Every structure is written in C-alpha cells, then in structure tokens.
Amino acid sequence: MTKLRPPRSVRWARGLVLLLASTLALTVSAVPAEAAAPASTSAGTLDVFIQEGAIVQPGQTVTVRVTIRAQEAQPIPEQAVRLSLTAEPLATETALRRFLDRDADPALTVLDTRLSPAVRELESSDVRIPLVVPGDPADIEAEPMTYGLQADFIPNLQDPEADAQLSQRQILTIVPEGANIPSTPVAPIVSLTVPPVGGQPLSAAELEAYTAPGGALDVVAGVLRRYPATVAVDSRITQSISALGEAAPESATTWAADLGGLGFQQFALPWADTDPLAVQAIDTLLYARLGQYPWLHDATVTREQLESLAQRSAEAVLAPSSVVDSDRTVVQFGSATLIRVDDELSNALRDGVLAATEGEAEAALQRVQGLVAKRAFSQTGEALVVDTGRLPVTAISLRLEDILERLNDIAYVDIVGVPLGQEPSELAFEINEGSPPREWNDFVTQVRELWQSDVSYATIAANPETVVVNRWNRYQALFSSAWLDNPVGAQAEWERAQADSAQFQDSVYIEPGSSITVLADRTELPVTIRNDLPSSVTIQLSVKPTRGLLRVEQSQISVVIPAQSFQRVSVPVRSLANGVAPVELSITDSLGNTLSDPVNLQVTIRAGWESVITIALAVIVGLVFAVGIYRAIQRQRARGAPGEL
C-alpha cells in the first residue's frame, strides 16, 4: 500500500518577479473589480480565444479573437467589445478556479475597446484585438504564469466603462521559450446515458434507435474505438437489454456484446445516472444500487454522506476536485477513498462538447490546454481525471470525436484510464463541506414522501416487493444527471411521477354498479372489486348505508383478490323500511387506510312486496289451474252428450 502523507498546498508559480515587467508591457491602468456578466443570454453568446494557440511566450504579440453569436430572432446591433487582463497572475489553483467559475472578480487592466459590427440572427461576428504578452522574453529564469482574460460586450465605444451585457473569460498561459511542458497523464471519462423520461426500462424500439448504425450509442461506441477513454455506463441501458432477452433487437445485443472492449475500462452508473446522495436520502428499503464507484453530481457533500457512501460497498467515490484541496488524484478521507475529477478541466471539456460553433469549441479547448499546462508543472505525475460532459449520448455524439481527437493531439498530454483501483496517495483530514440548498432538501423530502406512500400502499399485496420494486426506478430517474441543466425537463418528470403514483395507488378499486331494487326483507348486495397489481391482495370492504332504511349484517368484510383479476362479494343486508337508501362502499388496508375513492350504490327498498307478489302469483296459478279443470270437464261432457240420446 502506498504510504499516505499529510496534505500540502499547491504553488505553481513560485513568485511574481515578472509582475513589474508585465505591468509595464500594458499601456493602460488597472480598474476596480467588477462582476462579470453571463457568457450567454437570450440575446447572444460571447466567446474568446487566442488565434496563435493557448500557450504563448513572454513578449509575443498575439491576436485575441472575440466572437459574438446572435440567437434566433435576436439580431445584435452595432456595439463594442472591451478586452481586459487580470492585473496580477492567477498564481494559485484557488485563484484560477474562482476566476473561471466567476466566484471572484479580480482587478482588471483594460487593454483595448473595439467596435463590434451588427450581427444577424443565428450568425456570428469576430472582433480581433492584438495583445503583447506580459513578460520579458530575455529572462531565461522566468517561470510559467497564468493570467486571466475577460472580454465584455458593452453598448458603445463612447462609454468604455459601461456595465457589460455579456462577458466571457479565458486563460493566458505564458511559458518561456525553451521551457518544456512535462508530459501529463489525462484520464477522460465518457458517460453512456440516455434521457430517462418516464423512468421505465427502454423499449425494444428505443434500444434499436440508439444502437442501430447512426444511433447515438453506436456513434459514441465508434468514437471510443478510435479514441479510448474510461467508459461510465448507465445501468438502465444494460438492464433494459437483459430484461428483453430474445426480444431485444439484434443491434442492441451486438452493442452490449462489444461493450466490454470499449475504452480502457468500464464502470457501471446507477439507474439513469442518478444522484447517489439524493437516492440515499429517499432509500427507505435499501434498494439503491450505487455501484462500486458512486459519482457525485456536484461538490455539495458532507462528511457524513461520504462515510455513508463508503459503507454502502463503494470501493471509491468519484467527487469534484473542489471537495478536497489537494494536488493528488486519489485521496483518503476517513473510510472513503476519493477519486478527484478536475472541475475546471471538466467544465471546459463540457463546453467544448456542447459548443454550437467551431469558435466556441476552440475557446473551450484552449482553456483545456492552458489548464493542463498549469497542472503539468505541479509534477505530481498522477492522472488528471476529467469528465467529457455528463450528458445523454444524444447531446455528446456530435462533437465528442473532435474533442477527444484534439485532446489526444496536445503534445504534452498522455491519455490514460481512470485509476479506479489505485491506492490513495494522500490522507485528507478535512473536506470542503457544503450543505445542499433548501430547494434540494425540499424536493428530496417530497420525493421521499411520495415513495413511502407507494410502499405503504403495496403492503396490501401478498408479495409487496414484486409490486413496488419496479416503482423504485421511477424515483431514481427523478435525480438523473440528465436534469442537471434542464430544470424544465426535471419539473415535467416530477409531474409525471406524481401522476404515475396516483394511478398506481388506484390499482385496487370497486367497480361502479347500477342501482339495485330490494323487494325482500333479507337479500345480498353484489359488489365487484378489481385488482390490477401483479400480486394477489387482501383488503377490507366497508359497507355503510347513509340512511336508516337498510341494515348491513356484516359491515366489514375481508376480501382476497387474485392478481390482475377481480372478486365478486355478496354483502348480506336487511331492509327496515321502504325508500331509497344510498350505500357507501369503500376499501381499506388492514390499518384502515383508504385505498381508493368511495363508491355510492343506490338501493331502492320495497320491503313486504315479496309476500304480496307471492300470493298474487299463487292466486293466478290457482285460477289458471281451476280454469283448466273446468274446461276439461266441459270438453268431457261435450263428447258424452250424443251417446245419451
């Protein structure tokens, strides 16, 4: 086992000796920090990249390209672009992360302000601004440094200090001529997931659409054969293929058979790549199967949650790098082994995968190159684990090959597999704990309550687990990674889940009957109860007249109903007076909890009429019999009369 060592802070740039020279190279003064505007709005999108590449040299003159793209039906009029550089280098990992994540707004030095031409809807326009890279090219002892670039889209040239409508950030990685960037292992993860709409297994038709030639899963599999990576597979896909058996389409079974040969290695994601922390919070029956390597959706986690994941058979937990301050990939925290997934690199790769234009993809890839170069000088030798976009395959299939190809082409990048089985190389004594927002807690509570109501309803079944186990996947899908950037889809899925639960909890019900007329003092009311569940159920039938005209001999009747069938029940009653007596029929479980809406049965009572009708019938029969005898005698006499003459 690798010896654990205490944590140490990371310092990439050992000093700021070039700060004065850098400042002199800039001809304008620093301005106070201002909050950056969003990079994309309904009006348009802003991107910035360096034409000569992500790695530049001190004193080099480069061209910064700022791209403005207009959205549909939103042309952009002639405005202006302001380009700024951070007044000081981003010397630490924390400073770099906070700059890219827009958690910090360092003082900026305005370099230039240029006119931006009008842009038609769905078109792009470039503004090119020259930049002299800070630093002295003659200083052979200079160390690599990273500055931050910020492009702001402002209303006009006349007010260069105006608030920005759009802002985009880029990093400027400065490496002295002759300095070699050490080769750095990078371990990309490609997620194979599909949209979990409905929370049900994939149908044969859906699987064929995904795995047939040209389908999203087929396309991504082809990319991984050419550019290997570590593959994270949504268990919903593989379980759906297994469940269909011989009914699964040939393309799906072929895809599944080839899965083991894709990439460097594979690991299973839980159903629909659900959030392991949320699933733990609602898992009242210990149904959750989080796999060997649970992967957190974000950095909001507590030490108790990590310990719980470790105790639920997790060999290692994949967590955002910001959870633990370290320069190591695999660290130990308590009983949990953490594999750190680089936040900044993952965000940049995700931006590249989702880029709508080549310019946006180039800007994202330059951030990747600069970040890898900065990490390379830390000299840990451990792999940088990155996520290429935790999105459904339908979203990543278009640009994934280009992104992986470009990543492979970086001279100082060595593509490797994620160190899933590696022993921790550092012991972490603390993590950056974060409490989830109130909205998240409220939603988890609502889902847990709905799930528990389904579990409670299933107790009427002879085999409750067979009834409720398939419901579990429905609730896991509510926390799928597919909804991370799709709140509208998440809300629609939650509404579907509520409707599904209401339908499930109406699986056993009384069939409405027609009105009944009672003529006798004692009779039986027929009641039909139907069970749509895949297991027999035991329920209590409650019969309650709402008027005192009718008395129920047995108001509570225990009824066993076969699976996916019905049962007719005869309820003995006694009429007390004539009239209309509405009877309320309801079914409950053994604890008295109502299972479905009550049914009202209209009973019309004609008590005592049974005897009158019987006598009347007897009289009629007697009269018919007497008339018959009389007519027979008359016929007999008629035949005997001639003989007597």
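Selection within the stretch 151-192: residues that are small (Gly, Ala, Ser) and touching a helix residue (DSSP H, G or I) at 6+ places or on another chain (Cβ under 9 Å). The member of this set that is modelled with the lowest pLDDT is 183. If you go through the stretch 524-553 and pick out every residue that is under 14 Å from residue 581 (Cα atoms), assigned to a strand (DSSP E or B) and open to solvent by less than 50 Å² (accessible area, probe 1.4 Å), you end up with 5. Taking the listed residues 103, 136, 152, the one that is part of a strand (DSSP E or B) and either touching a residue at least 60 places away in the same chain (Cβ under 8 Å) or under 33 Å from the mean Cα position of the chain (by Cα) (or both) is 152, with no other qualifying. Filtering the stretch 400-438 to residues that are farther than 12 Å from residue 339 by Cα, open to solvent by 30 Å² or more (accessible area, probe 1.4 Å) and either touching a Gly at 6+ places or on another chain (Cβ under 6 Å) or in a loop (DSSP other than H, G, I, E, B) (or both) leaves 411, 416, 429, 430, 432, 433, 435, 436, 437. Tell me, yes or no, whether the stretch 278-292 has at least one residue that is out of contact with any helix residue (DSSP H, G or I) (no Cβ under 9 Å at 6 or more places or on another chain), touching a residue at least 24 places away in the same chain (Cβ under 8 Å) and surrounded by 17 or more Cβ atoms within 10 Å (Cβ to Cβ). No, every residue in the stretch 278-292 fails to be out of contact with any helix residue (DSSP H, G or I) (no Cβ under 9 Å at 6 or more places or on another chain), touching a residue at least 24 places away in the same chain (Cβ under 8 Å) and surrounded by 17 or more Cβ atoms within 10 Å (Cβ to Cβ).
Okay, residues lined up against (1) assigned to a helix (DSSP H, G or I); (2) modelled with pLDDT of 65 or more; (3) within 30 Å of residue 574 (Cα to Cα):
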{"site": "603", "(1), (2), (3)": "no, yes, yes"}
{"site": "613", "(1), (2), (3)": "yes, no, yes"}
{"site": "618", "(1), (2), (3)": "yes, no, yes"}
{"site": "622", "(1), (2), (3)": "yes, yes, no"}
{"site": "626", "(1), (2), (3)": "yes, yes, no"}
{"site": "629", "(1), (2), (3)": "yes, yes, no"}
{"site": "633", "(1), (2), (3)": "yes, yes, no"}
{"site": "638", "(1), (2), (3)": "yes, yes, no"}
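Per-residue answers, yes or no, for (1) of a type outside the set (Lys, Arg); (2) modelled with pLDDT under 95:
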position	(1), (2)
62	yes, no
81	yes, no
91	yes, yes
97	no, yes
101	yes, yes
106	yes, yes
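The single condition among (1) closer than 23 Å to residue 146 by Cα; (2) within 31 Å of the chain's Cα centre (by Cα); (3) open to solvent by 20 Å² or more (accessible area, probe 1.4 Å) that residue 47 does not satisfy is (3). Only one of the numbered conditions (1) part of a loop (DSSP other than H, G, I, E, B); (2) among the polar types (S, T, N, Q); (3) within 45 Å of the chain's Cα centre (by Cα) is not met by residue 558, and that is (1).
Among the residues of the stretch 577-595 satisfying the criterion of being closer than 17 Å to residue 512 by Cβ, buried (at least 17 other Cβ atoms within 10 Å of the Cβ) and within 37 Å of the chain's Cα centre (by Cα), which is modelled with the highest pLDDT? Only one residue fits best here, namely 587. Taken together, 442, 454 contain a single residue that is farther than 24 Å from residue 237 by Cα, in a helix (DSSP H, G or I) and open to solvent by 70 Å² or more (accessible area, probe 1.4 Å), which is 442.
Out of the stretch 344-382, which residues are closer than 17 Å to residue 97 by Cα, assigned to a helix (DSSP H, G or I) and either open to solvent by 30 Å² or more (accessible area, probe 1.4 Å) or β-branched (Val, Ile, Thr) (or both)? Of everything in the stretch 344-382, those that are closer than 17 Å to residue 97 by Cα, assigned to a helix (DSSP H, G or I) and either open to solvent by 30 Å² or more (accessible area, probe 1.4 Å) or β-branched (Val, Ile, Thr) (or both) turn out to be 347, 350, 351, 368, 369, 372.
For the stretch 553-576, indicate whether the set of residues that are basic (Lys, Arg), touching a residue at least 12 places away in the same chain (Cβ under 8 Å) and within 14 Å of residue 586 (Cα to Cα) is non-empty. No, that holds for no residue.
The values are calculated or read from the model by the stated rules, or taken from the named source; none is laboratory data. From a predicted model like this one, the values you see are computed outputs, not experimental measurements. Cβ atoms come from the backbone with ideal geometry, glycine included; neighbour counts cover every protein chain shown. When the accessible area is computed, the model is the full protein with side chains, heavy atoms only, and any ligands, DNA or RNA have been set aside. Shrake-Rupley method; radii C 1.70, N 1.55, O 1.52, S 1.80 Å.
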